[in-house]
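The values are calculated or read from the model by the stated rules, or taken from the named source; none is laboratory data. Everything numeric here is computed off the predicted structure, so don't read it as measured data. Neighbour counts are summed over all protein chains in view; Cβ atoms, including those assigned to glycine, are modelled from backbone coordinates with ideal geometry. Ligands, DNA and RNA are stripped out before the accessible areas are found, and what is left, the full protein with its side chains, is counted by its heavy atoms. Shrake-Rupley method; radii C 1.70, N 1.55, O 1.52, S 1.80 Å.
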Amino acid sequence: MDVRSTLGYLYWLFCQFELITCSYLMEPWEKLLFYSFNLAMLGLLLYTTYVCVAFHASSAFQLLCSFLGNPRENALAVVK
């Protein structure tokens with residue numbers, strides 16, 4: 001892939017983002033606050049997703065291991 005065309009495409013995407021959010025009308029300090037807030041929210045969303053997915057995957061793996069374990073141990077655990 002050509003680097004120049006990739007940079008051009010990323011610039012085009014950024015221009016589309018500015019048009020959709022009307023941030024091209026903002027002053028530079030307003031853009032800085034706006035982009036900082038959006039990046040902070042995106043970072044928090046990605047971090048929360050990472051933590052929750054890891055927790056749920058761990059829980060699912062433990063449940064799967066308990067189902068695939070020794071059937072006698074599982075039966076005794078139910079009786080107790």
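Let's see how each residue does on (1) under 20 Å from the mean Cα position of the chain (by Cα); (2) not polar (S, T, N, Q):
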residue: Asp2; (1), (2): no, yes
residue: Pro28; (1), (2): no, yes
residue: Ser36; (1), (2): yes, no
residue: Gly43; (1), (2): yes, yes
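Hey, can you tell me all the residues within region 14-24 that are aliphatic (A, V, I, L, M) and surrounded by 10 or more Cβ atoms within 10 Å (Cβ to Cβ)?
Leu19 - this is the single residue of region 14-24 that is aliphatic (A, V, I, L, M) and surrounded by 10 or more Cβ atoms within 10 Å (Cβ to Cβ).
Taking region 37-72, which residues are hydroxyl-bearing (Ser, Thr, Tyr) and open to solvent by 60 Å² or more (accessible area, probe 1.4 Å)? Can you show your working first?
Going residue by residue through region 37-72, those that are hydroxyl-bearing (Ser, Thr, Tyr) are 47-50, 58-59, 66.
Once the filter is applied, which keeps residues that are hydroxyl-bearing (Ser, Thr, Tyr) and open to solvent by 60 Å² or more (accessible area, probe 1.4 Å), region 37-72 yields Tyr47, Thr48, Thr49, Tyr50.
Among residues belonging to region 34-80 that are among the hydroxyl-bearing types (Ser, Thr, Tyr) and at pLDDT 80 or above, point out the one that is nearest to Cys22 (Cα to Cα). Give the derivation first.
Start the filter on region 34-80 by keeping residues that are among the hydroxyl-bearing types (Ser, Thr, Tyr), which leaves 35-36, 47-50, 58-59, 66.
From what's left, at pLDDT 80 or above: 35-36, 47-50, 58-59.
On the way: Tyr35: 12, Ser36: 16, Tyr47: 28, Thr48: 28, Thr49: 28, Tyr50: 31, Ser58: 42, Ser59: 43 Å.
Looking at the filtered set, the residue picked out is Tyr35.
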